[in-house]
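The values are calculated or read from the model by the stated rules, or taken from the named source; none is laboratory data. Every value quoted in this text rests on a predicted model; they were computed, and no experiment measured them. We place every Cβ from the backbone using ideal geometry, glycine too, and count neighbours over all the protein chains shown. Ligands, DNA and RNA are stripped out before the accessible areas are found, and what is left, the full protein with its side chains, is counted by its heavy atoms. Shrake-Rupley method; radii C 1.70, N 1.55, O 1.52, S 1.80 Å.
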Amino acid sequence: QRTAGSSSDGTADSDDSGDHEKTDSSHSEANQRNNTRMTRASLRLSQSSQDAPADVKQAAERDESPPRTPTGNAPSSESDIDISSPNASHDESVTKDHKDSGSDPSHRPKRRRFHESYNFNMKCPTPGCNSLGHLTGKHERHFSISGCPLYHNLSADECKVKAIEREKQEEERSQGQNEENRHATRHQAPTPRQVRYKEKVMEIRKRRDSGLTKEQKEKYMEHRQTHGNSREPLLENITSEYDLELFRKAQARASEDLEKLCLQGQITEGNNMIKTILFGRYELDTWYHSPYPEEYARLGRLYVCEFCLKYMKSQTILRRHMAKCVWKHPPGDEVYRKGAISVFEVDGKKNKIYCQNLCLLAKLFLDHKTLYYDVEPFLFYVMTEADNTGCHLVGYFSKEKNSFLNYNVSCILTMPQYMRQGYGKMLIDFSYLLSKVEEKVGSPERPLSDLGLISYRSYWKEVLLRYMCNFKGKEISIKEISQETAVNPVDIVSTLQSLQMLKYWKGKHLVLKRQDLIDEWKAKETKRGSNNKTIDPSCLKWTPPKGT
């Protein structure tokens, strides 16, 4: 008797096939013999499996791997298994599908959607939310406040309807742009469609009510008292419908990006993210995640000394620190002072801890910042405002000691409590003043943040209009403008194009002196009056560093 899969069976089959090879038989007989051998082998395998001992079968049935927890580790007890978790039930169904289907590609389970591909036991931190729906209207679940429809005073169905409307508007817009691009030329004036759209937007903004009624104010106050910070404030009638819809679109796009980063573990929203910092006499809400140590990040609130920038866990520790902290201004050399405004030059190599703390603080308000600890190749120019208690941090910008691409700014930040007061333009103007002293042409390092891009475009526009206003000649050169203002020619050309002051005519580029823009700028300067939010070159006491 021969057992299944024994060597004697294989030898007999091979001998049998060797004998048949010696005869002159047809191909059909050879195929028939092969099929007969496969049938005999399968019968022997099934017969041997039936004759197997019962205890072997029971051991095989007992040898089952335990269910996995969402973290990927085996649970220590039955209580660790979350039976009600949607991820757990989904994983069981996927396993059954694999067992039933075998290797047949047609029966394999379909690829899971975006939010189901991460087996995290997460839920939305909004009170009363079941994590269903998404602000974008594209996903069935969400795991953060940024994507929560309930937090934004919406339902999941309303988000889906808004998503469909936005897709239709985007399709119509793309079709219109494709038709216009067929006949578009370089530096073309606004098309009739763009002009009509601009007029429509202006008309919508004019129709907006001047203010809220008494009933609306009472409704908003009641909503605020009922939900507090667990819901977004009501936004209807605060601005025009057009601007509110733009804001909603931006919210939806940002929520999808934040949701992806949160699920990938690059940011942690909720219990492991710094939400507020106590900085001097201000309590600041943070905008982005910063890689502070985990034992500090999970607290939710951070206490920072406004002079040495040391971060602490509690207000008691901060109070004790402030009692013995001897710092009243940033380290380094004071290179500029006019009135209460001063600028200190801090070397990242000499004051490494201070510069690292400054970068960690700045990351709370900047999206694209990646420099945290490697601060030695950089110089930091810190702007402060002085009073009887010390020099308070207003903002800063960093600059490479040796930049091969002539970047005069690597990172720039104005603290939130000093925004929209002219300090951002002062920092930008100071960076170009240093470039003039170095006799170089400078440009900021890309990519710029959203607020940074707005500030730089506004500054370049102001510089060019001031130059045009004072220019008395007939021919103007972009190279001359660059040498006098220290602004990169690429930035000058892009600003002229945005102002529609650069035209291509008869094979030459012409710079148009638009008197309407210059008069508008003059009116703003007159209305602004004389203030101290300007950089005075005579107050600069600085010489370019001679290497590192």
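Over 26 Å between Cα atoms, which of K249/K524; K168/K200; K249/K533 qualify?
K249/K524; K249/K533
Multiply the residue separation of K508 and T389 by 0.36 nm, subtract the distance between their alpha-carbon atoms, and state the gained length in nm to one decimal.
Going from the current span to full extension adds 37.0 nm.
Roughly what would the spin-label model give for T526 and K217, points 7 Å off Cα along C-beta, in nm?
3.6
Calculate the dipole size of the range 248-385 relative to its Cα centre from +1 charges on Lys and Arg beta carbons and -1 charges on Asp and Glu beta carbons; express the result in debye to the nearest 20.
For this selection, approximately 440 debye.
Loop only per DSSP, at most 14 neighbouring Cβ atoms within 10 Å: give me the trypsin sites (Lys or Arg not before Pro) in the range 306-341, ordered by residue number.
Within the range 306-341, the qualifying trypsin sites (Lys or Arg not before Pro) (loop, at most 14 other Cβ atoms within 10 Å) are K313, K328.
For the range 299-438, list log₁₀ I(q)/I(0) at each q in 0.17, 0.19, 0.20 Å⁻¹, using the Debye formula over Cα point scatterers of equal strength and ignoring solvent, two decimals each.
At q = 0.17, 0.19, 0.20 Å⁻¹ the computed log10 ratios are -0.98, -1.22, -1.35.
For the range 316-425, which chymotrypsin sites (Phe, Trp or Tyr not before Pro) pass both filters: DSSP loop (anything but H, G, I, E, B) and at most 12 other C-beta atoms within 10 Å?
Qualifying residues, ordered by number: Y373, F404.
Give the residues of the range 450-465 whose amide nitrogen is closer than 14 Å to a point set 7 Å from the Cα of F471 in the direction of its Cβ.
Hits in the range 450-465 for F471 at 14 Å: 461-465.
Could you tally the net charge around G332, taking each other residue with its Cβ under 9 Å from the Cβ of G332, Lys/Arg +1 and Asp/Glu -1?
-3
Can you compute the FRET efficiency between W327 and Q417 using 1/(1 + (r/R0)^6), with r the Cβ-Cβ distance and R0 = 22 Å? Round to the nearest 0.05.
The formula returns an efficiency of 0.65 here.
Excluding ligands and nucleic acids, what accessible area in Å² is computed for V490 using a 1.4 Å probe, to the nearest 10?
Result for V490: roughly 100 Å² accessible.
Which of rounded, prolate, oblate describes the range 410-517, given a ≥ b ≥ c as roots of the alpha-carbon gyration tensor eigenvalues and a/c under 1.5 marking rounded, otherwise prolate only if a/b is larger than b/c?
prolate
Suppose the chain between V490 and R281 were pulled fully straight at 0.36 nm per residue; how much longer would it get relative to their current alpha carbon spacing?
71.1 nm
On a C-alpha basis, how far is the centre of the range 437-462 from the centre of the range 479-516 in Å? Whole number, if you could?
Their Cα centres are 16 Å away from one another.
Going through the range 426-484, which GluC sites (Glu not before Pro) have at most 12 other Cβ atoms within 10 Å and a DSSP loop state?
E439, E475
In what order, largest first, do R173, R281, R141 sit by accessible area if the probe radius is 1.4 Å?
R281, R173, R141
Anything over 29 Å Cα to Cα? Flag those among K440/K513; K217/K260; K349/K479; K349/K425, in the order listed.
Going by Cα-Cα distance, K217/K260; K349/K479 fall outside the 29 Å limit.
When only the heavy atoms of the protein chains count and the probe is 1.4 Å, how do T191, T226, T389 rank by accessible area, highest first?
T226, T389, T191
Length gain on complete extension for the stretch D374 to K440, per 0.36 nm per residue less the alpha carbon to alpha carbon distance?
Length difference between fully extended and current span is 21.2 nm.
For the range 463-512, with all protein chains present and a 1.4 Å probe, just round the carbon and sulfur fraction of the accessible area to a whole percent.
Solvent-exposed carbon and sulfur of the range 463-512 make up 54 percent of the total.
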